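Working notes for the structure below.
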Amino acid sequence: MFLPFQPLAMFMGTYTRKQADKVMIDSSWWQNDGIVNTRSMRAPAGHPSVNFNGTPAKGSWNHMGLYSSWDHFDIQGLFCATCNINPMHIQHANRLKTLN
């Protein structure tokens, strides 16, 4: 993980909150990419989501899965000389082109 992200990632990876007037945050929120917890990457709270199976599901957020051992900047192609993100982004753009 990009060194400046590590303190935030460790904080997010241990933080909990149990307040009646707030969203409860438990260990299911701990996994993160250094900037965003992976639970909230799936879809906005309260919105339907499905695991992407190759065909986009209309009316739901299509969760594309997680990239193990990649941090937030790796997915963006920043500060990672060995990350080849072009195929991933081209594949995603091609999927978007097929939508009505």
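Each reported figure results from applying straightforward, stated rules to the coordinates on display, with no laboratory input. Treat the numbers as computed from the prediction; the structure is a model and nothing was measured. In this analysis, Cβ positions are derived from the backbone assuming ideal geometry, glycine residues included, and neighbour counts consider all displayed protein chains.
Descriptive notes on the structure:
- Under 5 Å, built H, 5+ apart or other chain: amide partners of ILE35: HIS72
- Long-range HN-HN contacts of TRP61 with modeled amide H, under 5 Å: SER49, VAL50
- Considering only GLN76, GLN19, GLN31, the mean-square fluctuation computed in a Gaussian network model of the chain, springs between alpha carbons under 10 angstrom, is largest for GLN19.
- Each residue of segment 65-78 is assigned a 3J(HN,Hα), and the resulting list reads x, 10, 9, 4, 6, 9, 9, 4, 6, 4, 5, 7, x, 9 Hz, derived from the Karplus form 6.51 cos²θ - 1.76 cosθ + 1.60 (θ = phi - 60°), x at Gly and Pro.
- Sequence-distant contacts, meaning Cα pairs under 8 Å at least 6 residues apart, place the relative contact order of the chain at 18 percent.
- Distance between modelled label sites at SER27 and LEU66, nm, 7 Å Cα→Cβ extension: 1.4
- Label positions at TYR15 and VAL50, each projected 7 Å from the Cα along the C-beta direction, are separated by 3.3 nm.
- Backbone phi angles across segment 18-30, fed through the Karplus curve with coefficients 6.51, -1.76 and 1.60 (θ = phi - 60°), yield HN-Hα couplings of 9, 10, 4, 9, 10, 5, 6, 10, 10, 5, 5, 9, 6 Hz in residue order; Gly and Pro are listed as x.
- Computed 3J(HN,Hα) for segment 87-98, one whole-Hz value per residue from the Karplus formula 6.51 cos²θ - 1.76 cosθ + 1.60 where θ = phi - 60°, is x, 5, 6, 5, 4, 5, 4, 5, 4, 4, 5, 7, glycine and proline marked x.
- Percent breakdown of C-alpha pair distances by 5 Å bin, ordered from the shortest bin, for the chain: 2, 11, 17, 19, 19, 15, 10, 5, 2, 0
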